[in-house]
1. Out of N38, N62, I need the residue that is touching a helix residue (DSSP H, G or I) at 6+ places or on another chain (Cβ under 7 Å), farther than 22 Å from K77 by Cα and either assigned to a loop (DSSP other than H, G, I, E, B) or modelled with pLDDT of 95 or more (or both). Which one?
2. Kindly indicate whether any position in region 36-48 is in contact with an Asp or Glu (Cβ under 7 Å, 6 or more places away or on another chain), at negative phi and touching a residue at least 24 places away in the same chain (Cβ under 8 Å).
3. Please pick out the residue among V70, V45 that is hydrophobic (A, V, I, L, M, F, W, C), touching a Phe, Trp or Tyr at 6+ places or on another chain (Cβ under 9 Å) and outside any loop (DSSP other than H, G, I, E, B).
4. Starting from residues that are surrounded by 14 or more Cβ atoms within 10 Å (Cβ to Cβ) and small (G, A, S), keep the ones in region 41-88 and report whichever is farthest from the chain's Cα centre (by Cα).
5. Are any residues in region 8-22 closer than 17 Å to V76 by Cα and surrounded by fewer than 17 Cβ atoms within 10 Å (Cβ to Cβ), and if so, which ones?
Amino acid sequence: MKALDHEGINLALLSIPLWEVTKDGKSVKRSYDFADFNSAFGFMVRSALKAEEIDHHPDWRNIFNVVDVVLTTHDVKGITEKDIQLARFMDLVYN
């Protein structure tokens with residue numbers, strides 16, 4: 001697996017418009033706001049099951065009703081299709 005180039009990242013962002021590329025260009029990030037802690041935690045559980053399924057795990061944190069997510073592929077030090085795939089899934093779960 002190799003990192004997406006600048007053009008590939010921009011194209012991929014069209015399918016995950018609420019995500020943004022980090023300043024270093026090696027990750028995508030998004031913050032999710034929920035009604036309460038239980039909703040936020042439920043989102044994390046569903047996302048964790050998908051992450052295990054595709055063997056790709058997020059860097060994230062949860063503070064009460066907010067989940068902040070950063071996705072990167074550490075092996076290639078950049079953004080890959082796996083990051084985009086997991087971001088799309090998370091957006092589907094959220095919506």
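The values are calculated or read from the model by the stated rules, or taken from the named source; none is laboratory data. Keep in mind that this is a model prediction, so the values were computed, not measured. Glycine gets a Cβ as well: all are built from the backbone with ideal geometry, and neighbour counts include every protein chain shown.
1. Working: N38 fails: touching a helix residue (DSSP H, G or I) at 6+ places or on another chain (Cβ under 7 Å).
Exactly one residue qualifies, and that residue is N62.
2. Step one: filter region 36-48 for residues in contact with an Asp or Glu (Cβ under 7 Å, 6 or more places away or on another chain), giving none.
Scanning region 36-48 turns up no residue that is in contact with an Asp or Glu (Cβ under 7 Å, 6 or more places away or on another chain), at negative phi and touching a residue at least 24 places away in the same chain (Cβ under 8 Å).
3. Numbers: V45 fails: touching a Phe, Trp or Tyr at 6+ places or on another chain (Cβ under 9 Å).
Criteria check complete, one pass: V70.
4. In this case the residue turns out to be G78.
5. In the first step, residues of region 8-22 are kept if they are closer than 17 Å to V76 by Cα; the result is 8-9, 21-22.
Result: G8, V21, T22.
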